[in-house]
Each structure stands twice: as C-alpha cells, then as structure tokens.
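Q: Got a structure here, written out as structure tokens. Questions coming.
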Amino acid sequence: MSTERAEPVWGFARSLVIKAAIAEVWEHLADPARLSRWWCPPPTVQIDFEPRAGSHYEERYNDDSYDYVLTGEITAVDELRHLVIRRRTNGRFGPTDRIEIVLEPHGRDTKVSITHTFADIPVDRRGEARDFFSDGWDFSLELLRRNVLNSR
C-alpha cells in the first residue's frame with residue numbers, strides 16, 4: 001500500500017435543501033440529543049457536547065456489532081450558521097477528521113452543507129474514505145430533513 005501524500009487535508013462535501021427556516025434546522029445541530037437522532041442511524045450513536053467553541057465532544061457507538069467512542073472538540077460555533085467538530089479517529093483515514101456543517105438561506109428554505117475533511121490521509125485511502133462516508137452523509141442529511149419537518 002502506498003503512503004504517498006499530497007495535500008495535508010483532503011475532503012468532500014454533501015448538501016441538501018430543507019423546507020424550513022434556519023432557526024428550525026439549527027435546533028437539530030446545537031442540541032446533542034437531536035443531533036444524535038440524525039447523525040447516524042438511531043439509536044446507534046449518542047452524542048454529547050455543548051454548542052460552544054472549545055467544548056469537549058464525544059460520540060458513543062453501540063449497534064450490537066460495534067461498541068466504541070470517538071472524542072474531539074467543538075472548534076467553531078456561529079449560532080444559526082455554522083458548527084465545526086474535530087474528532088480524533090482510529091487512524092484508518094488519518095489521525096483526525098473535521099466535520100463542518102453550514103446553514104445558508106435558500107429563499108425561505110435552508111441549505112445544509114456538510115464538509116468532511118481528513119488530516120494527513122494517504123492518497124490511496126481517499127476513495128475508500130469517500131465510499132465509506134458519502135452515502136452515510138446523504139442518509140444522515142435525509143434523516144435531518146425528516147426530523148426537522150416532523151418536529152413542527
């Protein structure tokens with residue numbers, strides 16, 4: 001396996017428009033219990049954090065076949081607009097990853113964009129990382145859309 005590296009950070013983005021106001025969508029990002037409902041197929045993950053920069057971040061996974069914890073921190077919060085999480089990973093795709101969630105007005109609706117980047121990921125692992133996470137993010141964004149619309 002090659003360990004050739006190009007840029008030190010690599011990633012990809014996914015997005016979705018939700019027919020709801022930014023404030024309605026933000027409630028599902030800034031609250032750990034609500035974030036846990038769409039981040040991963042529930043009840044697989046339980047997330048804990050405070051929505052402020054510097055807050056400890058933790059994801060506890062348990063789906064009867066895997067049981068593990070990812071830790072990190074909230075690195076940026078711009079209320080109603082932006083949340084950034086840096087996680088320490090198991091090293092499969094580099095030592096850390098960063099998940100940035102941005103909310104933007106889209107007429108009366110909200111565009112949600114997730115950018116998932118990886119620090120020091122080997123070039124030959126990038127396709128595998130995209131394959132591993134991209135469908136999951138599409139699924140999670142759809143869960144977010146459903147959760148927002150069902151909470152009205």
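Coordinate-derived values only; no laboratory data. As the structure is a computational prediction, the values presented were derived from the model and not from experiment. Positions of Cβ are generated from backbone atoms using ideal geometry, with glycine treated the same way; all protein chains shown enter the neighbour counts.
Q: Once amide H atoms are built 1.01 Å from N in the peptide plane, which residues 5 or more positions from Ala53, or in another chain, come under 5 Å H to H?
A: Here the answer is Val77, since their amide H atoms fall under 5 Å of that of Ala53.
Q: Same structure, new question: What residues from segment 77-113 fall in the zone where the backbone N is under 11 Å from a label point 7 Å along the Cα-to-C-beta line of Val17?
A: Backbone N within reach: 106-112.
Q: Work out, step by step, the length gained on full extension between Arg146 and Val9: first 0.36 nm times the residue separation, then minus their alpha carbon distance; give nm to one decimal.
A: Values: separation 137, 0.36 × 137 = 49.32 nm, distance 3.17 nm.
Value of the extension gain: 46.1 nm.
Q: Something else about it: Count the net charge of all other residues whose Cβ sits under 10 Å from the Cβ of Arg88, scoring Lys and Arg as +1 and Asp and Glu as -1.
A: Numbers: positive: Arg86, Arg87; negative: Glu73, Asp97.
Here the count lands on 0.
Q: A further question follows. Given that just one value was derived from the coordinates, which of [x] 33, 14, 12; [y] 34, 20, 13; [z] 26, 17, 15 is semi-axes √(5λ) of the Cα gyration tensor in Å?
A: [z]
Q: Something else: Compute the length gained on full extension between His106 and Glu27: take 0.36 nm times their separation in residues and subtract their Cα-Cα distance, giving the result in nm to one decimal.
A: 26.7 nm
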